[in-house]
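Laboratory data are not the source of any read-out in this text; all were calculated from the coordinates shown. All values reported here derive from a predicted model rather than from experimental measurement. Heads up, the Cβs are rebuilt from the backbone with ideal geometry, glycines too, and the neighbour counts pull from every protein chain shown.
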Amino acid sequence: MHPHSARDFPHILCPDDLATMAQAYLQAMVEMDGKDVDPEAVARMILRFYRWGLVDRHKLAALSALAVAPQASDKAAN
């Protein structure tokens, strides 16, 4: 990780931060394959969790998928 991470300056994202979030996004989209999800909602969740301090890409992907999945289920039911 870059010496100055999201924890030090929460409003500034370094290339390493963006790479971690991009990997988490791709992993989350693969985990939700076949579900009707809003890709922007997944990205927003990842950014929100990252800014809260969750910086592990695997955990980011899993938690974001869980957070967005109920919204996808609600859309499919309507």
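So the values come out like this:
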{"item": "Full-extension gain in nm, residue 44 to residue 58, via 0.36 nm per residue minus C-alpha separation", "result": "3.4 nm"}
{"item": "Where labels lie 7 Å past Cα in the beta-carbon direction, separation of residue 14 and residue 35 in nm", "result": "3.2"}
